[in-house]
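These notes are about the structure you will find just below.
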Amino acid sequence: MNNEAIEEDETRVSDCAGRVVLIQDCVETSGAFLLHHLMKRKLSRESSEIVVFVAFAHPFYHYDRILKKLGCNLVTLSQKGRFIFFDMRKLDCLDEVGGGRTKSGLVELFHKIHKAAEVIASPETKICITIMIDDLSLVEVAAQGSSSYVIDFLRYCRTLTTEVGCTLILLNHEDIYSNSEESTLNLELEYLADIVMKAKPLATGLAADVHGQLTVLNKRSINEHGKIKKRIQNFQFKVKENSVEYFYSGSRT
């Protein structure tokens, strides 16, 4: 097993300025740990990055409790301006206007994110900004099932990766749709993403010391000849209380 190689790959994913990172998970295997650990890296003392966190799934104290175990105090980081939290759990994205529907809720949310990014972004300071959304399936619920409104919202957010160099990290539950139904949102997400991380259960079933398998697709990996190509890697992982252990399949006995 080559732990250094795996840690290097994880660092490449976290150091992904100007990219869209999509975390896909399922009911059997949550990918929330990836969101937490990417947040930890970006809020570490060695980093000067600022995280704009858009929460649809959980309140502030939920993430504060988890990040404290990982060595980050979100209350302190919020006071220092390094962690900006938008609690959108009660957002109703659609308003009834004259019998029709508008997407004013998502438009207003994008303007909040855009304003926060503009205030932070400065050519002089060169501070990196990461925007995280913790549950895209709940964004679609808030939009009353209108995936087209959610897709428009995500396209707007993606413009910030080029406009101000933001990183966009999204968590989505891939299996909320039936197997026979292709999700327009899922297809669009995989198209928009530069890096796709999929957490799935083991093909062989449950194991005491392995919690699942992780597939990382980097669409913009640069090879030794300086050319851009797709790169796919597969790991297994075990989530611990304050860390995650990654290893290659078959490296454990």
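Residues that are in a helix (DSSP H, G or I) and aliphatic (A, V, I, L, M) within segment 46-87 comprise Ile66, Leu67, Leu74, Val75, Leu77, listed in sequence order.
Listed by first and then second residue, the pairs linking a residue in segment 29-42 that is under 21 Å from Glu174 (Cα atoms) to a residue that is surrounded by fewer than 19 Cβ atoms within 10 Å (Cβ to Cβ) and at pLDDT 90 or above, with Cβ atoms under 6 Å apart and 6 or more places separating them unless they lie on different chains, are Thr29/Lys200. Note on segment 119-139: residues that are modelled with pLDDT of 85 or more and either touching a Pro at 6+ places or on another chain (Cβ under 8 Å) or not hydrophobic (A, V, I, L, M, F, W, C) (or both) total 4. Residues in segment 56-80 that are under 17 Å from the mean Cα position of the chain (by Cα), of a type in the set (A, V, I, L, M, F, W, C) and farther than 14 Å from Leu38 by Cα: Phe56, Ala57, Phe60. The criterion of at least 1 residues that are of a type in the set (Phe, Trp, Tyr) and at pLDDT below 85 is met, among strands (runs of 3 or more DSSP E) falling completely within segment 159-253, by 244-247.
The values are calculated or read from the model by the stated rules, or taken from the named source; none is laboratory data. All values reported here derive from a predicted model rather than from experimental measurement. Using ideal geometry, Cβ is built from the backbone for each residue, glycine included, and neighbour counts are taken over all protein chains shown.
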